[in-house]
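Before any comments, here is the structure.
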Amino acid sequence: MHTQLRQKIEDGFGHLAHLIYRNHWKVLLLVLAFVAGLATQLPKLTMDTSTEGFLHADDPVLTAYASFRDQFGRDEILAIAVTAPDLFDLQFLGKLKQLHEELRDNLPYLDDITSLINARNTRGEASTLIVEDLLEQWPEDAAALAAVKKRAMDNAFYRNLLLSEDATTTVIIIKTDAYSSLGIEGDALDGFDDAFEEETASIARQFITDEENSELVIAAHRIAEQYNAPDFQIRIGGGPEVMFKLKQVMQTNMERFIRLAFGAIAIALFIMFRRISGVLLPLLVVFLSLLSTLSVMAIAGIAFKLPTQILPSFLMAVGVGASVHILAIFYRHLQQGNSKEESIAYAMSHSGLAIVMTSLTTAAGLLSFAGAEVAPISDLGILASSGVMLSLVFTILLLPALLSIVPLKAKSGSRAERRHAAMDRIVIGIADFATSHHKLVLVLSSIIILISIIGATQVRFSHEPYKWMPTSMSVRQAGDFLDQKMGGASVVEVVVDTGRENGLYQPHILKGLEQLKQEIELIKNDRISIGKTLSVVDIIRETNRALNENRQEFYTVPDRRDLIAQEFLLFENSGSDDLEDFVDNQFSKARFTLKMPWTDSIFLHELSNDLQKRFQQQLGDDVVITVTGMNAILGRTMAATIFSMTESYVIAAVVITIMMILLLGSLRLGLISMIPNLTPIIVTVGVMGWLDLPMDLFTILIGSIAIGLAVDDTIHFMHNFRRYHSQSGDVADAVRRTLLTSGRAMLVTSIVLCLGFFIYMFSILTNLFNFGLLTGLAIVIALLADLFLAPALMMLLYKARPTAVKE
């Protein structure tokens with residue numbers, strides 16, 4: 001930026017400060033009225049911990065999932081596991097029946113409930129097909145009980161679904177409504193046929209909400225607690241339970257982080273300024289900025305999601321930086337005997353342009369998230385950048401107005417002077433070391449960067465929300481138990497669309513699904529382990545066996561189309577509605593469910609591709625295959641995250657580099673200034689590789705956040721360095737003067753930022769712990785780079801000359 005233009009802008013900030021000083025009450029009332037108007041929308045804020053909330057509404061994967069839910073209902077189940085010494089004891093079965101019935105009668109948003117009490121039992125008597133509940137006829141004696149046990153143990157359909165392999169655990173499967181009840185009074189769809197309901201439901205109604213999911217889980221826990229006992233041990237797991245627990249943790253985290261952020265910032269500000277005004281004024285600016293940003297969030301209808309939970313504490317830590325730089329110069333000028341008005345104008349003139357540029361570069365780094373294919377990351381980019389800009393506006397307008405109103409005067413006594421002198425000695429020592437030993441600093445920095453690059457090549461990607469929770473949490477213990485005993489409670493769905501009515505009557509389609517069932521259930525490795533598959537094949541095989549004298553050799557798909565059609569018809573007429581869970585009413589589409597333990601989402605994308613290929617090869621190209629469900633969404637989320645963040649890193653680096661070149665008015669200086677900006681990212685990613693910390697949905701944000709924040713101190717350093725170097729022509733002198741004026745503020749803002757991110761280490765979720773640790777580390781490295789590496793680079797770039805102040 002040209003020197004004369006820069007001087008005009010700086011003078012403009014000084015004039016603005018004088019204007020605000022003389023109209024401070026008007027400015028204050030205007031800002032407060034603006035914030036109050038926005039704040040009226042705060043009650044509209046919502047939370048969304050659902051998996052589908054990770055993707056944009058128009059994402060093809062989410063669109064396919066919506067179509068699936070429209071046809072077959074919600075794929076996520078609430079699994080209530082019950083462990084006992086003897087599952088086929090009459091007393092145990094009686095208690096299980098009571099629990100089943102109480103859940104059935106009292107759970108809200110319940111679509112279906114399945115347990116040993118009402119498990120499908122398909123058999124034949126003479127030429128009659130009978131489909132009844134397993135315990136439809138309650139056993140009255142030991143012989144009848146033994147017969148029930150034999151039927152259950154011999155039924156392959158029950159294994160790893162309702163019964164564990166060792167018959168010590170049974171599961172009650174809760175399937176919730178697919179649609180929300182919001183806006184629906186009674187059964188608004190009574191009297192409409194199924195076809196009409198299927199066609200219009202997705203338009204007229206929204207899917208079950210996060211709040212409704214919580215109601216269901218809370219009710220299930222309340223009922224289960226009444227039955228839990230040493231000989232009737234209950235564990236609750238499954239997708240709805242995981243969502244509920246994550247929401248609870250998120251709410252707790254946000255409250256805790258906001259409190260900790262306020263406390264940490266207040267302590268850091270007091271240590272720096274030793275003035276009440278130096279604590280309260282920046283906190284008020286940050287609070288109003290946060291309030292306004294959350295109001296904008298509510299107006300836009302954006303819900304808090306797992307990644308966006310960091311927004312409040314993040315904005316508090318980032319937003320205070322601009323105020324610190326203004327106050328540091330203001331108090332120093334005031335202490336020198338200048339008037340309050342002149343001190344405000346001088347501080348604004350000195351740092352106004354710099355804080356505008358730092359805010360713009362921070363916002364640019366965050367805004368690079370806006371185009372992300374992962375919805376909450378996109379939301380975070382838009383909201384965080386908006387919050388940074390709101391904080392800038394409030395700092396420029398509100399802070400001078402508040403300084404004008406609050407009674408302030410220079411501190412007397414030698415104590416404050418001794419503190420300032422001690423701090424000055426520290427920053428001068430740093431400046432002298434960095435400039436006199438610049439070759440050593442550059443060599444050590446190069447070695448650290450090289451080691452970090454080697455570590456960065458070892459970084460692994462991962463996205464496993466279930467594993468974010470510690471093993472001490474009940475939901476994690478229940479999930480691990482279900483994974484071990486029941487082959488998991490997580491699912492992947494495959495929809496087979498034949499494209500024609502009664503297409504499922506074709507023997508080669510059902511035979512193909514039968515073959516796929518056998519193949520897929522053999523997939524067991526250190527990445528993916530399929531515990532069970534469920535499909536229309538189970539029903540047709542049970543029916544075929546029952547109609548052939550219950551002989552096991554007929555537990556297969558019939559070879560003839562007419563037999564398949566007949567057996568489907570007989571099953572439909574038996575009174576069971578189980579067929580609706582696996583086929584549409586025209587027998588053109590079939591659902592194929594894979595039940596599996598929770599696993600890393602990075603592998604789920606590979607699984608989806610593998611399933612697509614397997615089904616297409618087995619069933620032919622004229623059949624449309626769609627892999628969907630919650631796990632497919634998780635797989636898509638991680639794949640989209642990797643692509644989006646790669647794009648975002650490039651955008652952030654390019655935009656910030658251009659801004660640095662424009663600000664500094666030099667291509668060479670602008671490019672060199674990016675070295676201390678990129679170093680924190682390289683070193684942090686290297687640490688992740690060496691410590692085997694995964695690059696997940698949170699830690700992948702660090703790069704763009706770090707470059708946006710690291711550049712702040714670099715701008716303050718370079719901005720002031722250019723000013724002082726143009727006066728003296730001596731690099732060492734310019735570095736000393738730069739750190740004397742901006743060094744303290746750089747140190748304090750970095751401390752505040754570090755504390756703002758380190759507080760995430762108080763989270764019980766491992767992903768937030770890692771995010772806080774690594775981002776805080778990046779800020780520390782960024783500060784060191786600006787204090788040591790940037791001066792060393794300036795020594796390399798400019799030839800040091802004796803101090804000679806230019807006239």
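Observations on the structure shown:
- Only one of 711, 685, 735 that is open to solvent by 20 Å² or more (accessible area, probe 1.4 Å) and in a helix (DSSP H, G or I): 685
- Out of 355, 310, sole residue that is in contact with a His (Cβ under 8 Å, 6 or more places away or on another chain), open to solvent by less than 10 Å² (accessible area, probe 1.4 Å) and not hydroxyl-bearing (Ser, Thr, Tyr): 355
- For segment 739-798, filtered to residues that are over 21 Å from the mean Cα position of the chain (by Cα) and aromatic (Phe, Trp, Tyr), the residue that is surrounded by the fewest Cβ atoms within 10 Å (Cβ to Cβ) is 798.
- Residue 720 modelled with pLDDT of 85 or more and of a type in the set (S, T, N, Q): no
- Annotation: of all residues in segment 421-431 being loosely packed, with under 15 Cβ neighbours inside 10 Å and not aliphatic (A, V, I, L, M), the one that is modelled with the lowest pLDDT is 425.
- Any chance residue 362 is touching a residue at least 12 places away in the same chain (Cβ under 8 Å) and touching an Asp or Glu at 6+ places or on another chain (Cβ under 9 Å): yes
- Segment 580-626 - residue that is in contact with an Asp or Glu (Cβ under 7 Å, 6 or more places away or on another chain) and of a type in the set (Gly, Ala, Ser) and, of those, surrounded by the fewest Cβ atoms within 10 Å (Cβ to Cβ): 588
- Failed item in (1) at pLDDT 85 or above; (2) surrounded by fewer than 17 Cβ atoms within 10 Å (Cβ to Cβ); (3) not basic (Lys, Arg), with residue 278 passing the rest: (2)
One line per residue, one yes/no per condition, for (1) within 30 Å of residue 604 (Cα to Cα); (2) under 41 Å from the mean Cα position of the chain (by Cα):
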residue: 7; (1), (2): no, no
residue: 12; (1), (2): no, no
residue: 19; (1), (2): no, no
residue: 33; (1), (2): no, yes
residue: 40; (1), (2): no, yes
residue: 45; (1), (2): no, yes
residue: 62; (1), (2): yes, yes
residue: 66; (1), (2): yes, yes
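- Whichever residue in segment 37-87 is in a loop (DSSP other than H, G, I, E, B), open to solvent by 30 Å² or more (accessible area, probe 1.4 Å) and within 15 Å of residue 213 (Cα to Cα) and, among such residues, is modelled with the highest pLDDT: 46
- Evaluation of residue 644 against (1) open to solvent by less than 60 Å² (accessible area, probe 1.4 Å); (2) at pLDDT 80 or above (one fails), failing number: (2)
- Listed by first and then second residue, the pairs linking a residue in segment 721-744 that is in contact (Cβ under 8 Å) with a residue 24 or more places away in the chain and of a type in the set (Lys, Arg) to a residue that is assigned to a helix (DSSP H, G or I) and buried (at least 20 other Cβ atoms within 10 Å of the Cβ), with Cβ atoms under 6 Å apart and 6 or more places separating them unless they lie on different chains, are 736/431; 744/328.
- Taking the criterion of being touching a helix residue (DSSP H, G or I) at 6+ places or on another chain (Cβ under 8 Å) and charged (D, E, K, R), the residues of segment 607-644 that qualify are 614, 636.
- Failed condition for residue 496, given (1) modelled with pLDDT of 95 or more; (2) part of a helix (DSSP H, G or I): (2)
- The single residue among 365, 381 that is open to solvent by less than 10 Å² (accessible area, probe 1.4 Å), of a type in the set (Gly, Ala, Ser), closer than 24 Å to residue 57 by Cα and touching a helix residue (DSSP H, G or I) at 6+ places or on another chain (Cβ under 7 Å) turns out to be 381.
- Among the conditions (1) open to solvent by 70 Å² or more (accessible area, probe 1.4 Å); (2) in contact with a Ser or Thr (Cβ under 9 Å, 6 or more places away or on another chain), residue 573 misses just one, which is (2).
- Cβ-Cβ under 7 Å pairs, at least 6 apart or on other chains, segment 432-443 side within 10 Å of residue 732 (Cβ to Cβ), far side of a type in the set (Val, Ile, Thr): 434/441; 434/735; 435/731; 435/735
- The residues of segment 605-631 that are touching a His at 6+ places or on another chain (Cβ under 9 Å) and not in a helix (DSSP H, G or I) amount to a single one, 620.
- Among the conditions (1) under 21 Å from residue 129 (Cβ atoms); (2) without any contact (Cβ under 8 Å) to a residue 24 or more places away in the chain, the only one that residue 524 does not satisfy is (1).
- Top-ranked residue of segment 102-113 - restricted to ones that are surrounded by 14 or more Cβ atoms within 10 Å (Cβ to Cβ) and part of a helix (DSSP H, G or I), ranked as farthest from the chain's Cα centre (by Cα): 102
- Sub-8 Å Cβ pairs linking a first residue in segment 129-151 that is closer than 22 Å to residue 98 by Cβ to a second residue that is among the β-branched types (Val, Ile, Thr) and at pLDDT 95 or above, at least 6 apart or interchain, are 133/117; 134/117; 135/117, ordered by first then second residue.
- Every pair of residues 6+ apart whose Cβ atoms lie under 6 Å, when the first sits in segment 214-235 and is farther than 27 Å from residue 46 by Cα and open to solvent by 50 Å² or more (accessible area, probe 1.4 Å) while the second is hydrophobic (A, V, I, L, M, F, W, C) and assigned to a loop (DSSP other than H, G, I, E, B): 231/84
The values are calculated or read from the model by the stated rules, or taken from the named source; none is laboratory data. Here the structure is a predicted model, which means the values were calculated and not measured. As a convention, Cβ positions derive from the backbone with ideal geometry for all residues, glycine included, and neighbour counts pool all protein chains shown. Each accessible area value is taken on the protein alone, full model and side chains, heavy atoms only, with ligands, DNA and RNA left out. Shrake-Rupley method; radii C 1.70, N 1.55, O 1.52, S 1.80 Å.
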